[in-house]
Amino acid sequence: MNDTVMHVGGASPYDVVVGHGVAARLPALLGPSVERVAVLYAGSLGALADPIVDALVEHYDVLALGLPEGERAKTAPVAADCWEALGEAGFTRSDAVVTLGGGSATDLGGFVAATWLRGVRVVHLPTTLLAMVDAAVGGKTGINTGAGKNLVGAFHEPAGVLCDLSLLASLPREELVAGLGEVIKCGFIADPEILEIVERTDPDVLNADSAELRELVERAIRVKIDVVVGDLREEGGADGHPGREVLNYGHTLAHAIERTSDYTVRHGEAVAIGCVYVAELAARAGSLEPAVVARHRATLSRVGLPTSYDAASFDDLHAAMKVDKKARGSQLRFVVLDDLASPRILAGPGEADLRAAYEAITSAG
Ligand SMILES: NC(=O)c1ccc[n+]([C@@H]2O[C@H](COP(=O)([O-])OP(=O)(O)OC[C@H]3O[C@@H](n4cnc5c(N)ncnc54)[C@H](O)[C@@H]3O)[C@@H](O)[C@H]2O)c1
Ligand SMILES: [Zn+2]
């Protein structure tokens, strides 16, 4: 099947390409004006990085830097090591960074590219479903500090994103399923066809080779592109649409779950629980129909995502939500739905509703 090219407009336009084998487009995408390429790859993915580095070596001076595993890549010392390596290799403004890995690698690598000489080109080759549909697209980069996740970062649009579905073949099932949490989120906030695909497809068929997974990837990326192009710097959307904040559907509780569980719950799993939570909240503090709430549970659990949670008390999660950076002032903010694909901001819901919604996800499985 042909590759799918999705254009991202704005001040720094670029393409997101989806297909099997699209990593081979990398030299053409970097072009002839680049001399040096730093490949910042998740250290455990050497087998995926080798052929990509081999293809680049024919055209460029290549610096291959293996990163620490997962979230341990997103630290200031790792960024500093990368800056040192770029300096020793004599990286100039016309050279480029390539990231290969999950969202940890794209966030760290994007941050290094954003900061080296105040910004050099970066191309992302995401290798997790989550990174394809979320982290690699949209230009947000960042690292963690002792005080919390993603507190230091920069907006830096990539020069291109190559979503090579073949790279997903080795991804552990639970990582793929976690990525589906963000995909299904996109179904609720903007593209209900995503929900229909999930509902009519045998979950086992959602793998690296399937046309259905590919369509889900493309639809979720389309949702993200449409939202970020409408709201590149997170200033809010037009006509009362929440703008980029809509992508945080389910995330207020999800971040609280991640933090209070010491990040033992995967992000996509926490988002799944958080989506059911805001659906329950919208049924109480808004006008969401019970059938749409039920559909949250049905689609998310169908692919193996959790839809209930009882490992923390409401009071602990409530306190954690209040310190989330997404809260403005003392008011908690949630993206809620009035209906499928009809999102709005719910600011400052009453504690009774917040608690009742939590009770609904604690008891109902
Ligand atoms: N910048 C953004 O807009 C944005 C959006 C969403 C998430 N994020 C960030 O993304 C990160 C999470 O990303 P993630 O879920 O991709 O996790 P991850 O990058 O930590 O990868 C998860 C695990 O899967 C392994 N892995 C990755 N690809 C593989 C493959 N093809 N085969 C086998 N193993 C593979 C990784 O080595 C790692 O152990 C978080 O730090 C989050 O903050 C950023
Ligand atoms: Zn997310």
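A few points about this structure:
- Folded to 0 to 90 degrees: helix 211-230 orientation relative to the chain principal axis, Cα: 90 degrees
- Taking GluC sites (Glu not before Pro) in DSSP loop states with no more than 16 other Cβ atoms inside 10 Å as exposed sites, the chain has its longest site-free stretch at 70-233.
- Note on E196 and S287: with the Förster distance fixed at 25 Å, the Cβ-Cβ geometry gives a FRET efficiency of about 0.65.
- Applying 1/(1 + (r/R0)^6) with r as the Cβ-Cβ distance of I345 and A298 and R0 = 45 angstrom yields a FRET efficiency of 0.95.
- Sorted ascending by nearby beta carbons within 10 Å, beginning with the fewest, T264, T106, T75 become T264, T75, T106.
- For region 4-170, dividing the convex hull volume of the Cα atoms by the residue count gives 100 Å³ per residue.
- Calculated [222 nm] ellipticity per residue, helices only, for the chain: -13500 deg cm²/dmol; basis is -39500 (n - 2.57) per DSSP H run with n ≥ 4, divided by all residues, nearest 500.
- FRET efficiency, N207 to N150 (Cβ-Cβ, R0 35 Å, nearest 0.05): 0.75
- Segment Q331-S33, extension gain: residue separation times 0.36 nm, minus the distance between their alpha carbons: 102.3 nm
- Net charge contributed by nearby residues that have their C-beta within less than 13 Å of G119 (K/R +1, D/E -1): +1
- Calculated diffusion of region 173-362, Stokes-Einstein form, Kirkwood radius summed over Cα pairs, 10 °C and 1.306 mPa s, µm²/s: 96 µm²/s
- Dimensionless Rg over Rh [the chain; C-alpha; Kirkwood]: 0.97
Taken together, the values in this text are just the output of simple stated rules run on the coordinates, not laboratory data. Given the structure is predicted, the values throughout are model-derived calculations rather than measurements. All Cβ positions, even for glycine, are placed from backbone atoms using ideal geometry, and neighbour counts span all protein chains on display.
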